[in-house]
Amino acid sequence: MPDIQAILKQMTLEEKAALCTGASTWTTTPVERLGVPAITMTDGPHGVRLVADVNSLSSQTLPATCFPTASCQASTWNVDLIYQMGQAIAEECIALKVDIVLGPGNNMKRTPLCGRNFEYYSEDPYLAGEMASSHIRGVQSKGVGTSLKHFAVNNQEFKRFSINAEVDERTLREIYLSAFETAVKKGKPWTVMCAYNKLNGAYCSEHHQLLVDILKQEWGFDGLVVSDWGAVHDRVAALQGGCDLEMPGPQPRRVQAVVEAVRSGALDEAVLDEAVRRILNIIFKAAETPKGGTFDVDAHHELARKIAAEGMVLLKNNGILPLKQVRRLAVIGRSAMHPHFQGGGSSHINPTRVSIPYQELQNAAPEAELTYAEGYPADDRYQPALIEQAVEHARSADVALLFIALPGYKESEGYDRPDLDLTAQQIALIKAVSRAQPNTVVILNNGSAVTMSEWLNDPAAILEGWMMGQAGGAAIADILFGKVNPSGKLAETFPLKLSDTPAYLNYPGENGVVRYGEGLYIGYRYYDAREMPVLFPFGYGLSYTTFTYSNPRVSASTFKDVEGVVVSVDVTNTGSLPGKEVVQVYVHDRKSTLARPPKELKGFAKVELQPGETKTVSIPLDFRAFAFYHPGYRQWVTENGEFDILIGASSADIRCTQMVTLQSTLSLPSLLNRESTAREWMEDPLGRPVFEPVFRQIAEEMRRLMGASGPESEGLGMDVMGMLMDMPILSIFYFAQQALPQTPEEMVDQLLSQVNKK
Ligand code: BGC
């Protein structure tokens, strides 16, 4: 690594300004005079999408392995597998001479309608944070950079370039920033890509609080912030806000604006220097990895197959799967021949090869007789003749394998889905085929939740195949014939209907604003709190074997927050096939000052077990597993008290519970103020002792004044104490003025000073 500071010193103002904007769509601006090379960035995230000529606008891309997209990856709950995928992507980058691959995408799935959900991991920040960290560490272990995106709160495609997402501070920290925080701290990405949208009034590309205060200072991010492509509006404001590198380029006017801003004093040159320093650091880090050569196409295809098979989720099975000695198989549905394995937009990869489900089924069962019927067209037209033909095939077979993929254009970057439904043709097809053939298995390909209530009961089995990557066809055959025992579990809730979903009333916003009114309650946090039924819960997925959980235990029943606790459970494979189980640990706070979701995922582990085998799974829970973000303190806090640790096979299938008592090591000042209510004073450990004696007297006086002899005031028919408890004490004092030795304000301030002294 050369002396960055020395290079920076030699750079002219013009060179520095130019370095902060790309030279082309995918490359940075070199400074040949000083030996600063250009580096190449490209999409991302589930493979390398490199245009044949990085200096042209052409979208012709070079072949690379298309891995399953993030929804499928997250459903593996297998961080090691995602790490391996990262390494494979890095090897392809090296071969294709790419320095930084743009991903992973780590935004929360706030609504299942978001067009880009297939590129994101989960509705849960813990799971997403772990997945993103593994992806990043895998790629970067080979000396290739990543770009964690889209920072932040880019949870819909509708008006993504301009929408102002209004999110309260606690929700922002606990839900929308948390997965990024984990990925930044654990994964240490070389770059972070800021989002297009506005967050609470400011463009993310100019958001000082987001990019500088939180990302760089609080989280210690030492890489560079790159703009999403075209996200910069005002280059000078973006530099001031912490956006180091603007992409794409060239943008000579923007560069000139920076030069002029420094000359006029509008932009502090130190701000520019800091951006340049960060960019140079990454450029030279990238230059340390020699590029070129080839990659192992076959091995990567096999890895893609393994990830796909492990990410597919068996949603329903009456016992028909795995398939046994089938003679006649009716393969129905376009996607059996034209697999739908990735989504639309900048992540669209030119695959090295594609496994065709129909062929893979034949390979897996060479003795079986296969027939094929298209079943539905590529778009959403209704074609009854195709259904009739499919039914004929289904009737004359032993089993029907019905491949249902959402039309390719439905899930894409740039726009959202209008609904969560399959096409009318597909629904009618599932119903008709299931009626004709009781042994019907539906295999779905989609990137995010779809509704199924209309047809859920009809087929014998349902496999969620996701956007399964180029080897997905083989992975489907692996699962259907039992070569692989399914072990994927949903990383997002499947709702019964769209109007049940958490953001339903607040999405997509209007007048340029989308208000995150559901707050912390997205995904299972919402359905849990509302006690609502769902189609399939978060964390759910079937296996061909069964698992029991026993002997739950914790390392300490009372523990200090900073020390955390380890929770263990024995898991036994009680079925007859080897399999993998995802053990999930949720935390429930029995009582807290601020409302909390009923439970939150704070740990998980995937364990492989032979039939009859038992393994102990141990999952550590740290400070953050118990903490919440307190907007009053503007920090993560823990509170003394009891927590339930819920160990489950899904969010709706809790197998054991352990109670622990947390001792907080924080000593926080009181947040009481003139507007705090009597209840808040009484519940505050510092407030209660000073307030209680005064309150007793005043309450007595008030009851007397209001003519209350029993619990109720005779005149008003109300519970006087009930009313007082929720009044600010200043207001209580106003009513009791005559009985007070001092003014109400003096009284309250005196109590406050006693509290603050403590
Ligand atoms: C997308 C990014 C992508 C970039 C470069 C943008 O439109 O939002 O995810 O990395 O383009 O293609």
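The values are calculated or read from the model by the stated rules, or taken from the named source; none is laboratory data. These figures come from a predicted structure and were not determined experimentally. Glycine gets a Cβ as well: all are built from the backbone with ideal geometry, and neighbour counts include every protein chain shown. Each accessible area value is taken on the protein alone, full model and side chains, heavy atoms only, with ligands, DNA and RNA left out. Shrake-Rupley method; radii C 1.70, N 1.55, O 1.52, S 1.80 Å.
Values for this structure:
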| quantity | calculated |
| --- | --- |
| Amide proton proximity set for residue 635, modelled H, under 5 Å, gap of 5+ | 630 |
| Chain lengthening between residue 714 and residue 511 when straightened (0.36 nm per residue, less Cα-Cα) | 68.0 nm |
| Heavy-atom accessible area ranking, 1.4 Å probe, most first, across 141, 731 | 141, 731 |
| Helical mean residue ellipticity (222 nm; -39500 (n - 2.57) per DSSP H run of 4+; nearest 500) of the chain | -8500 deg cm²/dmol |
| DSSP bridge pairs, the chain: antiparallel proportion in percent, nearest 5 | 55 percent |
| Vicinal HN-Hα couplings computed from phi for region 226-240 (Karplus, 6.51 cos²θ - 1.76 cosθ + 1.60; Hz; Gly/Pro x) | 9, 6, 5, 4, x, 8, 8, 9, 10, 4, 5, 4, 5, 4, 4 |
| Distance between modelled label sites at residue 743 and residue 574, nm, 7 Å Cα→Cβ extension | 7.1 nm |
| Exposure ranking of 356, 163 by accessible area [1.4 Å probe, largest first] | 356, 163 |
| Stokes-Einstein D in µm²/s, Kirkwood radius over Cα pairs - region 520-636 at 4 °C with 1.567 mPa s viscosity | 80 µm²/s |
| Amide H contacts of residue 192 (H built 1.01 Å from N, under 5 Å, at least 5 apart or other chain) | 148, 224, 225, 226 |
| Region 547-663: relative contact order in percent, alpha carbon pairs under 8 Å with at least 6 residues between | 32 percent |
| Residue 380 paired with residue 327, simple spin-label distance in nm, labels 7 Å along Cα-to-beta-carbon | 4.2 nm |
| Convex hull of the chain built on C-alpha atoms - directionally averaged projected area, nm² | 38.7 nm² |
| Long-range amide H partners of residue 64 with built H, under 5 Å | 350, 352 |
| Most to least packed among 99-107, 334-342 [average Cβ atoms within 10 Å] | 99-107, 334-342 |
| Inter-part distance where region 75-150 and region 162-176 are each reduced to a Cα centre, Å | 22 Å |
| Length-normalised contact order of region 678-757 in % [C-alpha pairs under 8 Å, at least 6 apart] | 30 percent |
| Members of 149/602; 560/591; 149/198; 489/606; 149/185 lying beyond 19 Å, as alpha-carbon distances in this model show | 149/602 |
| The chain - percent of accessible surface contributed by carbon and sulfur, probe 1.4 Å | 50 percent |
| Probe 1.4 Å - accessible area at residue 453, Å² to nearest ten | 60 Å² |
| Förster radius 30 Å - calculated FRET efficiency between residue 610 and residue 656 (Cβ-Cβ, nearest 0.05) | 0.85 |
| Length released on extending from residue 32 to residue 13, taking residue separation times 0.36 nm less the Cα-Cα span | 5.3 nm |
| Cα centroid separation, region 497-535 to region 383-441 (Å) | 29 Å |
| Separation of alpha-carbon centers, region 559-628 and region 1-47, rounded to whole Å | 45 Å |
| Length-normalised contact order of the chain in % [C-alpha pairs under 8 Å, at least 6 apart] | 13 percent |
| Inter-label distance, nm, simple model (7 Å from Cα along the C-beta direction), residue 756/residue 294 | 7.3 nm |
| Area of residue 527 that stays accessible when all protein chains are in place (1.4 Å probe, Å², to 10) | 20 Å² |
| Karplus 3J(HN,Hα) series, Hz, for region 513-518 with 6.51 cos²θ - 1.76 cosθ + 1.60 (x for Gly, Pro) | 10, 10, 9, 7, x, 7 |
| Which of 623, 559 is most accessible, then next, and so on - probe 1.4 Å | 623, 559 |
| Accessible-area value, residue 416, 1.4 Å probe, nucleic acids and ligands omitted, Å² | 20 Å² |
| Stretch gain in nm, segment residue 556-residue 354, where the contour uses 0.36 nm per residue and the Cα spacing is subtracted | 67.6 nm |
| Phi-based couplings in Hz for region 41-51 (Karplus 6.51, -1.76, 1.60; Gly and Pro marked x) | 10, 7, 6, x, x, 9, x, 9, 10, 9, 5 |
| Gyration tensor (alpha-carbon) shape descriptor, region 678-757, a/c threshold 1.5 | prolate |
